[in-house]
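Visitor: For reference, the structure I am asking about is given below.
What follows is calculated from the coordinates using simple rules that are stated; it is not laboratory data. Keep in mind it's a predicted model, so treat the numbers as computed, not measured. Because the Cβ atoms are built from the backbone with ideal geometry, glycine has one as well, and the counts that use them run over all protein chains shown.
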Amino acid sequence: MVTAASRNGRVSAKIVGGVATSHVPAIGAAIDQGKTTDDYWAPLFKGFEKSQKWVKDLNPDVAIVVYNDHATAFSLELIPTFALGCAEEFPIADEGWGARPVPPVCGHPDLAWHIAQSLILDEFDLTIANRLEVDHGLTVPLSLLFGQPARWPCPVIPLCVNVVQYPPPTGNRCYNLGKAIQRAVESFDEDLRVVVFGTGGMSHQLQAERAGLINSEFDNRFLDDLVNRPDKARAIPHLEYLREAGSEGIELVMWLVMRGALSKKVREIHRHYHVPASNTAVGHLILENDLP
Amino acid sequence: MTLSNDYQDIPGTYVFDAKHSRLGYHLNMFCMSLRHAENRDAFKANEISYLEQFTMSQEQRDAVLGRQWNDMLRLGGNIYYTSKLAATDGLTFQDLAAIMTGSSREQYRKMMVNGGRPIDGNRSKSEWTRER
């Protein structure tokens, strides 16, 4: 296998896979309360069995998790469009109903700081977070992929994207940030295998009289385009997300960061789509680089 | 450059843009305070006096005290913030969605299990005025 390290003739970190998944808080509650085999939840969790095996076999050294904060660590006082968690540890937040009973999230400050510096010099002026409580946006994807271990199997670098205050960054900006993350990871002089998670979505609206909106046609087209026609997916305007995927469906721009961090051509290892989890259409992809 | 706000044509939806964010700043910061258990307890002990700490309009206060969830959104509330008030009341996101759409919990849950609210007929305000 040709690796980034052997191509360059030196040791470097590399991105070995991409995960896209919804991060619905009710999924976390179902896991924490032991309801994953209930009739309502079983079909959803069934779709993550293969993914848990995939990530266990892959055994990554670091996970970069692109997620959004839901009025937890960031309020309206400070609204960074992109914030990168560079701390040693990220505490689990109480979001208003008590903290999830999951292990604290350990960071990877060496790689995180390297990425932060590399991104800023690459003209992505992100915010550096040295203290960051993480909410369901980050912990639910970890639970879906890693189950319920006593400690998470690898360090995590949180990349928090504003999607609460309109406008979030464009899909194109997110995709290009992913490209810059790929460059940053590959310029880190340590043999680390990195997985990138893009989380949130798919179609859902939590607010007002149109709450409960689901658009399976939009979602499935988005899954196809994200995998095979990323140039089309990254051109989707905000209005289309808001109208077609619901006001909270715009979280899907975060999947484009993950997609941008992979090669132009990818292999789709696994796909899962399920309606509903509470108010939300759940989508999930496992992708690997399809290197020549 | 003129910023487009064509999203205002989406029915039953408040896009949390600059206008909303400015209008709802103190309302949302009140909701944010409920992230801490001791604040939840203080609020539950005396809602009116707790709210006095926040420079909210009377309309916003009334919406909070009366749990008028859609009014809170109209007055600048954001769902991720107002959901913290809902959580204080022991409501889940799905309970809250049922209330905001004028459905019973069971009706709403059934709609979701059957595939959710369809997109057809729900794209534009013109489609809602025609039907209602």
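Visitor: Could you list, in sequence order, the residues of the range A:82-130 that are out of contact with any Lys or Arg (no Cβ under 7 Å at 6 or more places or on another chain), in contact (Cβ under 8 Å) with a residue 24 or more places away in the chain and within 14 Å of another protein chain (Cβ to nearest Cβ)?
Guide: Once the filter is applied, which keeps residues that are out of contact with any Lys or Arg (no Cβ under 7 Å at 6 or more places or on another chain), in contact (Cβ under 8 Å) with a residue 24 or more places away in the chain and within 14 Å of another protein chain (Cβ to nearest Cβ), the range A:82-130 yields A:Pro91, A:Ala93, A:Arg100.
Visitor: Of the numbered conditions (1) more than 22 Å from A:Ser203 (Cα to Cα); (2) within 8 Å of another protein chain (Cβ to nearest Cβ); (3) among the charged types (D, E, K, R), B:Arg123 fails exactly one; give the number of that condition.
Guide: (1)
Visitor: Among the residues of the range A:129-151, which ones are under 14 Å from A:Leu84 (Cα atoms) and more than 18 Å from the chain's Cα centre (by Cα)?
Guide: Answer for the range A:129-151, where residues must be under 14 Å from A:Leu84 (Cα atoms) and more than 18 Å from the chain's Cα centre (by Cα): A:Asn130, A:Arg131.
Visitor: Look at B:Arg35 and say whether it is within 27 Å of A:Thr280 (Cβ to Cβ), touching an Asp or Glu at 6+ places or on another chain (Cβ under 7 Å) and at the interface with chain A (Cβ under 10 Å from one of its Cβ atoms).
Guide: Yes, satisfied.
Visitor: Report, by residue number, each residue of the range A:247-278 that is over 19 Å from the mean Cα position of the chain (by Cα) and buried (at least 23 other Cβ atoms within 10 Å of the Cβ).
Guide: Passing the criteria: only A:Pro276.
Visitor: Restricting attention to the range B:76-91, does a residue exist that is in contact with a Lys or Arg (Cβ under 8 Å, 6 or more places away or on another chain) and under 30 Å from A:Phe218 (Cβ atoms)?
Guide: Yes: one or more hits.
Visitor: Looking at the range A:151-168, can you tell me whether even one residue there is under 20 Å from A:Leu285 (Cβ atoms) and part of a helix (DSSP H, G or I)?
Guide: no
Visitor: Six or more apart or on different chains, Cβ atoms under 9 Å: show the pairs whose first residue is in the range A:211-223 and away from chain B (no Cβ under 12 Å) and whose second is assigned to a strand (DSSP E or B) and buried (at least 22 other Cβ atoms within 10 Å of the Cβ).
Guide: Matching pairs, first to second residue: A:Asn220/A:Gly283; A:Phe222/A:Gly283; A:Leu223/A:Ala20; A:Leu223/A:Gly283; A:Leu223/A:Leu285.
Visitor: Name the residues in the range A:184-224 that are at positive phi, more than 21 Å from the chain's Cα centre (by Cα) and surrounded by 24 or more Cβ atoms within 10 Å (Cβ to Cβ), would you?
Guide: Passing the criteria: only A:Gly212.
Visitor: Conditions: (1) more than 10 Å from chain A (Cβ to nearest Cβ); (2) over 20 Å from A:Phe74 (Cβ atoms); (3) of a type outside the set (Asp, Glu). B:Phe54 meets all but one. Number of the miss?
Guide: (2)
Visitor: Anything in the range B:108-118 that is part of a helix (DSSP H, G or I) and either surrounded by 18 or more Cβ atoms within 10 Å (Cβ to Cβ) or more than 7 Å from chain A (Cβ to nearest Cβ) (or both)? List them, or say none. Walk me through how you get there before you give the answer.
Guide: Our first condition is that a residue be part of a helix (DSSP H, G or I); within the range B:108-118, this holds for B:108-113.
Passing the criteria: B:Tyr108, B:Arg109, B:Lys110, B:Met111, B:Met112.
Visitor: Looking only at the range B:84-107, which residues are of a type outside the set (D, E, K, R), in a helix (DSSP H, G or I), closer than 18 Å to A:Glu248 by Cα and facing chain A (nearest Cβ under 7 Å)?
Guide: Hits for the range B:84-107 are B:Phe93, B:Gln94, B:Ala97, B:Met100.
Visitor: I need the full set of residues from the range A:243-283 which are more than 14 Å from every other protein chain (Cβ to nearest Cβ) and of a type outside the set (A, V, I, L, M, F, W, C), in order please.
Guide: A:Arg259, A:Gly260, A:Ser263, A:Lys264, A:Lys265, A:Arg267, A:Glu268, A:His270, A:Arg271, A:His272
Visitor: Please verify whether the range B:16-29 includes one or more residues that are charged (D, E, K, R), away from every other protein chain (no Cβ under 13 Å) and either crowded, with 20+ Cβ neighbours inside 10 Å or part of a helix (DSSP H, G or I) (or both). So that I can check it myself, show each step before the final result.
Guide: First, pick out the residues of the range B:16-29 that are charged (D, E, K, R): B:17, B:19, B:22.
Filter again for away from every other protein chain (no Cβ under 13 Å), leaving none.
Looking for residues that are charged (D, E, K, R), away from every other protein chain (no Cβ under 13 Å) and either crowded, with 20+ Cβ neighbours inside 10 Å or part of a helix (DSSP H, G or I) (or both), one finds none in the range B:16-29, hence no.
Visitor: Could you run through the range B:62-83 and say how many residues are touching a residue at least 12 places away in the same chain (Cβ under 8 Å) and either more than 12 Å from the chain's Cα centre (by Cα) or not in a helix (DSSP H, G or I) (or both)?
Guide: Here the count works out to 6.
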